[in-house]
Amino acid sequence: MAYSMHCVLPSRSYFEALEAAEKRALHSFFDQHVIEDDELGYFALDEGDYNILPAHLAARVVHTVHGGMLDEF
């Protein structure tokens, strides 16, 4: 599931996307990525929605927050 935050200031949209990724990662097995976009600025993306990220998205990843839940039992 992608979360987008539209903002005029790129740095603000980055920190909003980072906050969304960090919150979501706490309750997910999947990595959360902050993606740079020319139109949206930055947005958070859940890797679980894509399994392996397509090349056009992977090339725009600027930060990754690893999923906080473990699947090792």
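The values are calculated or read from the model by the stated rules, or taken from the named source; none is laboratory data. Keep in mind that what you see is a predicted model, and the values were worked out from it rather than measured. Neighbour counts are summed over all protein chains in view; Cβ atoms, including those assigned to glycine, are modelled from backbone coordinates with ideal geometry. All accessible areas refer to the heavy atoms of the entire protein, side chains included, with ligands and DNA or RNA removed. Shrake-Rupley method; radii C 1.70, N 1.55, O 1.52, S 1.80 Å.
Can you tell me how many residues in region 18-34 are buried (at least 17 other Cβ atoms within 10 Å of the Cβ) and out of contact with any strand residue (DSSP E or B) (no Cβ under 6 Å at 6 or more places or on another chain)? The qualifying residues number 1. Do you know which residues across region 3-26 are among the small types (Gly, Ala, Ser) and at pLDDT 60 or above? Hits for region 3-26 are 11, 13, 17, 20, 21, 25.
Every residue, every condition in (1) closer than 20 Å to residue 13 by Cβ; (2) open to solvent by less than 50 Å² (accessible area, probe 1.4 Å); (3) part of a helix (DSSP H, G or I); (4) of a type outside the set (Lys, Arg), yes or no:
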{"residue": "36", "(1), (2), (3), (4)": "yes, no, no, yes"}
{"residue": "39", "(1), (2), (3), (4)": "yes, no, no, yes"}
{"residue": "44", "(1), (2), (3), (4)": "yes, yes, no, yes"}
{"residue": "56", "(1), (2), (3), (4)": "yes, no, yes, yes"}
{"residue": "63", "(1), (2), (3), (4)": "yes, no, no, yes"}
